[in-house]
Amino acid sequence: MNIQYLFLMKTYMGHLDNNLRMIMIYLALTECVILFYCMVTKGFRLMMPVGFFLILMIGSMEFYGEINTVAIDNQFTMFFMYTGISHILYGVLADIEKRMSNNEDNFGVS
């Protein structure tokens, strides 16, 4: 193979890896905005669909890697699965807690 071709492929793959890093940075910023919104509105039920979409990110990352022939670390799958499930559970538990506190207020239980 031509050395120049290998250099171009290495440079090209480096850019695709950087795209993946930028996706992770945007995802982290989005998480911060969502958390801030949930704190302001005191409505943490939003975490349930966020968790669902985080689990869908597993497939998106695999698709990105397959299309662009970029190796995706297997730890990403575990990361998104854990993060997605924890978001869903947090949203469910926050919703249960909110409903229980509303029931206590409605029945006059202190």
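Every number here is computed from the coordinates shown, using simple stated rules; none is lab data. Note that the structure is predicted; figures quoted are calculated from it, not measured. Cβ sites come from the backbone with ideal geometry, for glycine too, and all protein chains shown count toward neighbours.
Subtracting the Cα-Cα distance of Ile67 and Arg21 from 0.36 nm times their residue separation leaves 14.9 nm of extension gain.
Return Val50, Val70 ranked ascending by Cβ neighbour count within 10 Å, so the fewest neighbours appear first.
Values: Val50 19, Val70 14.
So the residues, fewest neighbours to most, are Val70, Val50.
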